[in-house]
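K.L.:
Starting off with a structure, shown below.
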Amino acid sequence: MLKIGGAAPLNPPLPPQPYRHSCSRGNYFSSNLMASRRLRAFKRWMKSQGIQCSDTLDFIDCPQQGISVGALSDLHEGDVVAKIPKTACLTIKTSGAREMIESAGLDGHLGLSVAFMYEKSLAQDSPWAGYLQLLPPQECLPLVWTLGEVDSLLSGTELHKAIKEDKTLMYEDWKENILPLVYSAPQSLNPSSFSVKEYFAARSLIASRSFQIDEYHGFGMVPSADLFNHKTGAEDVHFTSVSPNQEYEDDVDSENGDNNELSKISGHDKRDSTCENSYIHSDSESDYSSVTGEDPMMLQMIMVREVKSGDEVFNTYGSLGNAALLHRYGFTEAHNPFDIVNIDLELVLKWGCSLFSSRYCRARLSLWRRINISGSVSENSEYFEVSSNGEPELELLTLLYIMLLPDNTCHKLDISICTADKVSANIGMILSEKHDITWSTSSEISKDLLLTEKVCRALLALVDIRESCYGSKLIDEDVEALKRCCMTERKLYHSLMLRISERRILEKFRTYATAGAQIQTFQDANGTSTTRKRLKKH
């Protein structure tokens, strides 16, 4: 249904706070004393690996909020604040377990998980010991919650079913791929270091921290780049990979196979996308380096806007709703503009079968599909998105409209399908007759025309069915529970944030449908038409 992948901060802020407020000044020094040892060890390790971080960056380790990166002086657009050699990144290619992993045919997040667990099992003997000691044992992602916690905290949300499916699939991955590897590997491996618990922990860290480096290395852990916290719509610093084919190899815009797991949540992920011109070993690199002065073996963190001294420096992991953020990174944001709620096709058919026969519903669904319209698809699920402002997708309105058409009109639509020049012309023909409007093939359907009184009542019924998934508790009870919740109770806090954000959207969805029904009732009673009833032009 919806899945995971990507890179996140160490213990992301709850919710993200400005750097100057991330720890009070009183706590700043005490927490720094507590964390200074591991930070000093990490900085020494970075220096030994050739990782260069600007002196203008300040790494702060706050017990409540984890590590954040602040600006000690003003930072300007275009400033390169960090350079990371690709050899310092923990990938399948750089790990001491490379031969074992590649011989087993493992790649992607599965192969990287083996590399991560292998290096972690070496403790101080690992070349990445200075980096690994900075990481928590696992991220607080729903993936590593108990099944009881998933059922009690996520029931009704977009994540509930998805997390349970993830757990099942990942256990199967471990059982079929990693468990046999432990006992068949040429080198002696400690089974406890590759247990299912360690695998889930590794997957939580990789899901929340890994970057797509290039075509050769694939995914990898990029030390220092994963310390920047996320803030939606507020990217200060950007991760790039120098390429012989273009000045910077951007990690934005395109998706890889693992990102299909995010398709039922909203938004685009910037951390995990496949590079368009990925780095491949070639002789052209030395020529490129000599011409541009850039090192193709070096990753960079570059400022993309001004940051004042004393402020926190944020990265952004993409335009993601709270379900995606919690699923992949373990935190949520208040008033997230990219939140969505999904209405499964299965739920729509449940509503339809409460009014009509199953045969009737299947026939209308088939007609809808013959117009080349469908919902969004993820894995074996088809669904419709409701945006953060409570507005449903046109595809859902079209399906409901067809489900509720009179038989004679539906028959006319059925006949017209074979002769229409344009997909939307079929529905357009019906609407033009009903509303006495002029239809042309350059027109597209307006949602307003589909909002008949019956369709609006159907939308209200769908809201009721979707809302019932949360159980008997009212949204006001969730809000009160959130007020009483301590932010250090991360699982409870963020699950409540998700429930509330989804239910707020459903409230707006209800308002949308109610307003549409009231307008239609007024028009029907007065026999009038408003300017809302027209077809949009391209």
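The values are calculated or read from the model by the stated rules, or taken from the named source; none is laboratory data. Every value quoted in this text rests on a predicted model; they were computed, and no experiment measured them. When we count neighbours, we look across all protein chains shown, and the Cβ atoms used for this are built from the backbone with ideal geometry, even at glycine. Ligands, DNA and RNA are excluded from the accessible area calculation, which covers all protein heavy atoms including side chains. Shrake-Rupley method; radii C 1.70, N 1.55, O 1.52, S 1.80 Å.
K.L.:
Can we say Leu462 is farther than 29 Å from Leu400 by Cα, open to solvent by less than 70 Å² (accessible area, probe 1.4 Å), in a helix (DSSP H, G or I) and not polar (S, T, N, Q)?
P.N.:
So Leu462 fails the test.
K.L.:
Please count how many residues of region 442-494 are within 24 Å of the chain's Cα centre (by Cα) and either farther than 26 Å from Ser155 by Cα or among the polar types (S, T, N, Q) (or both).
P.N.:
Looking only at that region, the number is 1.
K.L.:
Among (1) in a loop (DSSP other than H, G, I, E, B); (2) on the phi < 0 side of the Ramachandran plot, where does His335 come up short?
P.N.:
Failed condition: (2).
K.L.:
Right, next: Confirm whether Val150 is without any contact (Cβ under 8 Å) to a residue 40 or more places away in the chain and within 19 Å of Ala323 (Cα to Cα).
P.N.:
Yes; evaluated as a whole, the condition is true for this residue.
K.L.:
Pairs, please: C-beta under 9 Å, at least 6 apart or cross-chain, first residue without any contact (Cβ under 8 Å) to a residue 12 or more places away in the chain and polar (S, T, N, Q) and in region 343-359, second outside any helix (DSSP H, G or I) and open to solvent by less than 50 Å² (accessible area, probe 1.4 Å)?
P.N.:
Qualifying pairs under 9 Å: none.
K.L.:
Ok, one more. Within region 179-213, how many residues are at pLDDT 95 or above and open to solvent by less than 20 Å² (accessible area, probe 1.4 Å)?
P.N.:
8
K.L.:
For region 122-132, how many residues meet the condition of being buried (at least 16 other Cβ atoms within 10 Å of the Cβ) and polar (S, T, N, Q)?
P.N.:
Result for region 122-132: 1.
K.L.:
Let me ask another. Quick check: is even one residue across region 52-75 open to solvent by 30 Å² or more (accessible area, probe 1.4 Å), β-branched (Val, Ile, Thr), in a loop (DSSP other than H, G, I, E, B) and over 30 Å from Ser388 (Cβ atoms)?
P.N.:
Yes, region 52-75 has at least one match.
K.L.:
Here's another thing I want to ask about it. What do you reckon, is Gln138 under 25 Å from Leu325 (Cβ atoms), open to solvent by 30 Å² or more (accessible area, probe 1.4 Å), of a type outside the set (D, E, K, R) and in contact with a Cys (Cβ under 9 Å, 6 or more places away or on another chain)?
P.N.:
When the stated conditions are applied, Gln138 does not pass them.
K.L.:
Do you know which residues across region 305-328 are part of a strand (DSSP E or B) and aliphatic (A, V, I, L, M)?
P.N.:
Val307
K.L.:
On to the next question. Restricting the search to region 76-94, which residues are open to solvent by less than 10 Å² (accessible area, probe 1.4 Å) and more than 13 Å from Cys53 (Cβ to Cβ)?
P.N.:
Passing the criteria: Lys86, Cys89, Leu90, Thr91.
K.L.:
Is it the case, given these coordinates, that Glu395 is among the charged types (D, E, K, R), under 20 Å from the mean Cα position of the chain (by Cα) and open to solvent by 30 Å² or more (accessible area, probe 1.4 Å)?
P.N.:
Here the answer is no, as Glu395 does not meet what is asked.
K.L.:
Continuing with the same structure: Report, by residue number, each residue of region 155-173 that is within 21 Å of Leu205 (Cβ to Cβ) and either part of a loop (DSSP other than H, G, I, E, B) or touching a residue at least 24 places away in the same chain (Cβ under 8 Å) (or both).
P.N.:
Of everything in region 155-173, those that are within 21 Å of Leu205 (Cβ to Cβ) and either part of a loop (DSSP other than H, G, I, E, B) or touching a residue at least 24 places away in the same chain (Cβ under 8 Å) (or both) turn out to be Leu159, Ala162, Ile163, Glu165, Asp166, Lys167, Met170, Tyr171, Asp173.
For every residue, the table says whether it meets (1) of a type in the set (A, V, I, L, M, F, W, C); (2) assigned to a loop (DSSP other than H, G, I, E, B); (3) touching a helix residue (DSSP H, G or I) at 6+ places or on another chain (Cβ under 7 Å).
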{"residue": "Cys140", "(1), (2), (3)": "yes, yes, yes"}
{"residue": "Asp151", "(1), (2), (3)": "no, no, no"}
{"residue": "Val182", "(1), (2), (3)": "yes, no, yes"}
{"residue": "Ser208", "(1), (2), (3)": "no, no, yes"}
